[in-house]
1. With all protein chains present, how much of the accessible area of the chain (probe radius 1.4 Å) comes from carbon and sulfur, to the nearest whole percent?
2. How much length is gained on full extension from ARG95 to SER23, taking 0.36 nm per residue of separation minus their Cα-Cα distance?
3. What list of ³J(HN,Hα) couplings, whole Hz, do you get for the stretch 49-54 from phi and the Karplus terms 6.51, -1.76, 1.60, once you set θ to phi - 60° and write x for glycine and proline?
4. Using helices alone, I'd like the mean residue ellipticity at 222 nm for the chain: each DSSP H run of four-plus residues gives -39500 (n - 2.57), total over residue count, nearest 500.
5. Provide the per-residue ³J(HN,Hα) series for the stretch 55-64, in order, calculated from phi with Karplus coefficients 6.51, -1.76, 1.60 and θ = phi - 60°, each as a whole number of Hz, with x at glycine and proline positions.
6. What accessible area per residue comes out for the chain, rounded to a whole number of Å², with a 1.4 Å probe?
7. Give me a comma-separated list of calculated 3J(HN,Hα) values for the stretch 24-38, in order, Karplus coefficients 6.51, -1.76, 1.60 applied at θ = phi - 60°, integers in Hz, x for any Gly or Pro.
8. Say the dipole of the chain comes from +1 at the beta carbon of Lys and Arg and -1 at that of Asp and Glu; which of GLY44, LEU65, PRO7 then lies farthest toward its positive end?
Amino acid sequence: MLTVRQPWAALLVAGIKDVENRSWGTPYRGRLLIHSGLKIDAEGFELMDQLGIVLDGPMLRGMILGSVNLVDIRQDSSSLWARAGVNHWLVTDARPAVTPMPAAGALGLRPAPAGWTKAFAA
């Protein structure tokens, strides 16, 4: 599970944002739960306005919102979302949760909380 500030978390699970920028890397590749942190990133909302991106629904915080597949980490992505000088976590196959689940956030990657699969059950 990875904690990401809003609106970045919502953009990732909506399949709009294909890169997550991080100062660090990981050898992990595969399915990654996206948890929305309690803090927001005002620059993200400004960029959404500039790009004309509108997401339906509230910007939930402190919740598992969905998952993505982490396929690679590079520093040379040409994605609109990639920032210079950091690691670009390339993600695909976004899957929003059917029922977002409350969870505690933390730094780094960490195991999914017990019962997390309920967020994806129909």
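The values are calculated or read from the model by the stated rules, or taken from the named source; none is laboratory data. All values reported here derive from a predicted model rather than from experimental measurement. All Cβ positions, even for glycine, are placed from backbone atoms using ideal geometry, and neighbour counts span all protein chains on display. Each accessible area value is taken on the protein alone, full model and side chains, heavy atoms only, with ligands, DNA and RNA left out. Shrake-Rupley method; radii C 1.70, N 1.55, O 1.52, S 1.80 Å.
1. The computed percentage sits at 56.
2. 23.5 nm
3. Calculated HN-Hα couplings, in order: 4, 4, 8, x, 8, 10 Hz.
4. Mean residue ellipticity, 222 nm, calculated: -3500 deg cm²/dmol.
5. 9, 6, x, x, 8, 5, 10, x, 9, 7
6. Per residue, the chain has 55 Å² of solvent-accessible surface.
7. Result, rounded to whole Hz: 10, x, 8, x, 5, 9, x, 5, 9, 6, 10, 10, 7, x, 7.
8. Farthest towards the positive pole: LEU65.
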